[in-house]
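Here's the structure we're looking at; comments come further down.
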Amino acid sequence: MAVGLNPFVTSAPNSKIRTVFNKVDGREDLVKFVLGEPNFDTAPNIIGAAASALKNGHTHYVTNAGIIELRQAIADKMQRENHLCYDPKTEIMVTNGGTEAIWLAMQTVLEPGDEVIVPGPYWSPYPSLVVLMHATPVVVPMLEEDGFMYNIENLKKAVTPKTKMLILNSPCNPTGGMADLQLLKDIADLAKERDFYVMSDEVYEKLVYDGNEHISLASLPGMKERTITINSFSKSYAMTGWRVGYVMADAGIIRYCNKLHELEASCTNVPAQWGAVEALTGDQANVNFMVGEYTRRRRMIVDGLNAIRGISCVAPKGTFYAFANIKGAGMSSDEFCSRLIDEAGLVVIPGDAFGEYGEGYVRMSFAVSDETITEGLNRLDMFMNKLKI
């Protein structure tokens with residue numbers, strides 16, 4: 001008889017985003033709006049800082065929590081931009097991307113039987129990570145009519161005595177929705193009243209449009225001690241392959257995140273950490289340039305989608321994703337995306353890759369070239385015109 005495997009691992013679903021990516025990888029005949037990755041290279045000053053670190057012998061183990069220079073730079077950034085004071089020695093740690101930060105925080109906080117409120121549509125790993133902690137994801141819808149963000153009345157109904165954590169993703173992948181100040185205040189009041197943690201995933205904080213303002217939940221009165229803030233260099237600084245993220249929380253939480261990080265990875269890539277120091281402290285021109293490009297491309301893709309019969313798209317407040325409503329096509333998002341590949345040579349992500357509340361939508365990353373946007377919209381328009389709707 002074969003020795004069994006962990007059922008929590010074997011039952012965790014694979015990301016449909018990666019499934020689509022793997023299916024079309026290497027096919028040059030396709031127009032793709034797939035991965036959430038900037039189509040820009042990392043800024044030269046960041047690359048230079050990492051190269052200098054290598055040349056200067058920064059190739060050895062460092063403290064598990066990350067080099068103090070980076071933690072101090074993060075603390076300075078949080079105070080300057082997010083109006084939060086974190087102790088770089090005890091309340092900040094550097095991780096292998098934002099995903100490990102989420103993983104470590106969940107391992108530290110969650111116990112078997114706990115419930116975690118997850119936004120729907122959601123970034124694909126959220127519910128799988130919750131299940132791997134032997135906890136239960138409770139998906140609360142974030143509907144188009146609510147700006148793809150939590151409705152506080154729905155949240156109140158979802159909270160039970162077992163609720164240990166609520167996940168807030170603002171700006172939100174995949175929808176581009178953002179929490180305004182009133183919603184943040186409502187969430188803060190609910191968290192304090194019902195006594196649960198909030199994990200605030202703020203990876204897209206710099207990619208916001210139309211004068212929208214990103215506000216860190218932890219900056220609200222009484223919320224720093226019960227908020228676990230997640231961030232990363234991947235999106236804002238075009239550093240996806242560098243795998244540098246960070247988590248900020250109460251010192252008691254960070255202490256045990258650090259303990260787990262030591263067991264799992266020892267420390268984050270050291271030259272990459274020095275690159276991240278430069279990202280925060282050096283010239284920000286590259287960030288501003290990218291946001292400007294995304295702002296222009298956002299308008300291109302949203303206007304183009306809304307001009308296609310049977311398609312509509314609410315302009316995202318943040319991120320670089322358009323979450324297009326394809327209910328007018330009269331088919332599931334899975335069928336829609338499969339036919340798009342086969343009949344139009346166009347690749348987008350089906351909305352149900354982000355849970356049941358993503359059904360009827362597709363996600364299109366506009367972190368692509370102008371030519372890709374133009375050609376993709378043309379192919380989508382021709383495809384929709386062939387449908388009998």
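Worth pointing out:
- Helices (runs of 4 or more DSSP H) contained entirely in the stretch 7-106, each with at least 1 residues that are of a type in the set (Asp, Glu) and open to solvent by 60 Å² or more (accessible area, probe 1.4 Å): 68-81
- Note on the stretch 201-254: residues that are without any contact (Cβ under 8 Å) to a residue 60 or more places away in the chain, in a helix (DSSP H, G or I) and in contact with a helix residue (DSSP H, G or I) (Cβ under 8 Å, 6 or more places away or on another chain) total 2.
- Taking the stretch 294-309 as the range and being open to solvent by less than 40 Å² (accessible area, probe 1.4 Å), outside any loop (DSSP other than H, G, I, E, B) and touching a residue at least 40 places away in the same chain (Cβ under 8 Å) as the test, the residues that pass are 294, 297, 298, 301, 304, 305.
- Qualifying residue in the stretch 221-234 (condition: in contact with a Pro (Cβ under 9 Å, 6 or more places away or on another chain) and open to solvent by less than 30 Å² (accessible area, probe 1.4 Å)): yes
- Scanning the stretch 333-375 for residues that are of a type outside the set (Lys, Arg), closer than 30 Å to residue 139 by Cβ and assigned to a helix (DSSP H, G or I) yields a count of 15.
- Taken across the stretch 310-332, residues that are among the small types (Gly, Ala, Ser) and assigned to a helix (DSSP H, G or I) do occur, with at least one present.
- Within the stretch 161-195, considering residues that are under 15 Å from residue 115 (Cα atoms) and not in a strand (DSSP E or B), the one least open to solvent (accessible area, probe 1.4 Å): 191
- In summary, residue 74 fulfils each of the numbered conditions (1) of a type outside the set (Ser, Thr, Tyr); (2) touching a residue at least 60 places away in the same chain (Cβ under 8 Å); (3) out of contact with any strand residue (DSSP E or B) (no Cβ under 7 Å at 6 or more places or on another chain) with the single exception of condition (3).
- Annotation note: of 314, 347, 270, 287, the sole residue that is β-branched (Val, Ile, Thr) and touching a His at 6+ places or on another chain (Cβ under 7 Å) is 270.
- Residues that are of a type in the set (Asp, Glu) and free of Cβ contacts under 8 Å to residues at least 40 places away in the same chain within the stretch 133-166 comprise 145, 146, 153, listed in sequence order.
- Among the residues making up the stretch 255-287, those that are under 13 Å from residue 42 (Cα atoms), in a helix (DSSP H, G or I) and open to solvent by 20 Å² or more (accessible area, probe 1.4 Å) are 278, 285, 286.
- Filtered residue count, the stretch 312-346, keeping only those that are surrounded by fewer than 21 Cβ atoms within 10 Å (Cβ to Cβ) and hydrophobic (A, V, I, L, M, F, W, C): 5
- The stretch 123-144, subset open to solvent by 40 Å² or more (accessible area, probe 1.4 Å) and out of contact with any Ser or Thr (no Cβ under 9 Å at 6 or more places or on another chain), residue farthest from residue 228 (Cα to Cα): 143
- Hey, residue 362 out of contact with any His (no Cβ under 9 Å at 6 or more places or on another chain), of a type in the set (A, V, I, L, M, F, W, C) and free of Cβ contacts under 8 Å to residues at least 60 places away in the same chain or not: yes
The values are calculated or read from the model by the stated rules, or taken from the named source; none is laboratory data. Worth saying up front: this structure is predicted, and the values here are computed from it rather than measured. Because the Cβ atoms are built from the backbone with ideal geometry, glycine has one as well, and the counts that use them run over all protein chains shown. In case anyone asks, the SASA skips ligands and DNA or RNA and just uses the protein heavy atoms, side chains included. Shrake-Rupley method; radii C 1.70, N 1.55, O 1.52, S 1.80 Å.
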